[in-house]
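Reading through the structure tokens given below for one structure.
The values are calculated or read from the model by the stated rules, or taken from the named source; none is laboratory data. Values in this document were obtained by computation on a predicted structure and should not be read as measured data. Cβ coordinates were reconstructed from backbone atoms using ideal geometry, including for glycine residues, and neighbour counts include every protein chain displayed. With ligands, DNA and RNA removed, areas are computed over all heavy atoms of the protein, side chains included. Shrake-Rupley method; radii C 1.70, N 1.55, O 1.52, S 1.80 Å.
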Amino acid sequence: MSRPPRAIFLIACTILVVFSDSVSAQRTITRSIYVNAVDEGGAPVLNLTPADFLLTEDGSMREVTRATLLNGPMRIVLLVDSSTPVGPMLNNFRTALNAFIDELPEEEEVVFVSSGGQIRVRTQPGTERVKLRAEVAHFAAEGGANAFLDTMLEADKRFLKNVPPGQWPAFVIVTTDRGENIREPNVEDYNTFMQDFLSRGGAAHAVILAGQNVGPVTHVVANLVDNVAGMRHTIVADSNLPLRLREIANRLADDHQRMMRRYELRYAGDPRAIQPTVVVTSSRDGVQLQMSVRRPF
């Protein structure tokens, strides 16, 4: 039986991601690893259970608590800036949002939220495109500052943190940044979110409409998207927004298709191990594994 190569958890953050004292005090922390299982002929093996996997972290055996095929729909939080600067760009924003819906597979769940002043939930999670398009048609600037970080953290807590097994949580972010938001982000809250989002294998893609000056919004979005190897576009002309959102929708569809026959393994890890070496093998004869610490692969 072929043994898979060793893999290392890598967390590459511009804003330092840290474990708080309360997390460090835990006995275990739930982590995810992603596995492709094939038989000796190269055909996918789709009936494995947690008992069929043997996992070590830094040489110590760990319990695999869940093995789930990633064949459920994605749950995508479509987070769109509705602050004052969006007003002159409404036509291209609406065109772009409809372009995104056009390209996205119909089975994927979408939650539409906006961040003008505070979070506004425009649609609940679902695959109903008629209602989603109706909300896009009514989308307008709500004034005030761009409450991007607060909106993202709240949307994650409500809609992505506890998605059902087999679903893939994702953010698609459309935001402006002209440097008008000078309030420094709450780094501690962001780091806690980022560490958890990484452990859940979340995806994130973004388009930033930038002015001559940019501020914390750009820095936070860049950190989030780059940590999960997503698509990040910075543009100055809102006429480019429809093309960029089509590209993101196609990337989501392609990535999800790649992961449909792969497993997410959840295991109880050591919270003190920041970059543990993880090795996964199968106890079932004839099963060969490939693994990754992130999806897609």
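Structure data summary
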quantity	calculated
Residues of segment 249-297 that turn out to be assigned to a loop (DSSP other than H, G, I, E, B) and over 12 Å from Met74 (Cβ atoms), as a count	17
Pairs where the first residue, in segment 37-60, is closer than 17 Å to Arg266 by Cβ and the second is among the acidic types (Asp, Glu) and open to solvent by 40 Å² or more (accessible area, probe 1.4 Å), C-beta under 9 Å, 6+ apart	Pro50/Glu63; Leu55/Glu63
Members of segment 31-74 that are open to solvent by 40 Å² or more (accessible area, probe 1.4 Å) and in a strand (DSSP E or B)	Pro44, Leu54, Ser60, Met61, Arg62, Thr65, Arg66
Looking only at segment 239-271, and only at residues there that are among the charged types (D, E, K, R) and open to solvent by less than 40 Å² (accessible area, probe 1.4 Å), the one that is farthest from Leu289 (Cα to Cα)	Asp270
Spans of helices (runs of 4 or more DSSP H) in segment 116-211 with at least 2 residues more than 29 Å from Pro88 (Cα to Cα)	187-199
Condition check for Ala222: closer than 24 Å to Met260 by Cα and outside any loop (DSSP other than H, G, I, E, B)	no
Hey, Thr234 surrounded by fewer than 16 Cβ atoms within 10 Å (Cβ to Cβ) and either within 22 Å of the chain's Cα centre (by Cα) or under 29 Å from Leu149 (Cα atoms) (or both) or not	yes
Contacts under 8 angstrom Cβ, first residue in segment 107-133 being at negative phi, partner open to solvent by 70 Å² or more (accessible area, probe 1.4 Å) and part of a strand (DSSP E or B), 6 or more apart	Val111/Gln124; Val113/Arg120; Ser114/Arg120
Qualifying residue in segment 255-277 (condition: closer than 30 Å to Met89 by Cβ and in contact with a strand residue (DSSP E or B) (Cβ under 8 Å, 6 or more places away or on another chain))	yes
Number of the exception - Val280 against (1) open to solvent by 70 Å² or more (accessible area, probe 1.4 Å); (2) more than 17 Å from the chain's Cα centre (by Cα)	(1)
All positions within segment 211-231 that are of a type outside the set (Asp, Glu), under 19 Å from the mean Cα position of the chain (by Cα) and over 18 Å from Leu78 (Cβ atoms)	Thr218, His219, Ala222, Asn223, Asn227, Ala229
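Residues are listed down the side, and each one gets a yes or a no for (1) open to solvent by 30 Å² or more (accessible area, probe 1.4 Å); (2) over 25 Å from Gln257 (Cβ atoms); (3) in contact (Cβ under 8 Å) with a residue 40 or more places away in the chain:
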{"site": "Phe148", "(1), (2), (3)": "no, yes, yes"}
{"site": "Gly166", "(1), (2), (3)": "no, no, yes"}
{"site": "Val172", "(1), (2), (3)": "no, no, yes"}
{"site": "Asp177", "(1), (2), (3)": "no, yes, yes"}
{"site": "Glu184", "(1), (2), (3)": "yes, yes, no"}
{"site": "Tyr190", "(1), (2), (3)": "no, yes, yes"}
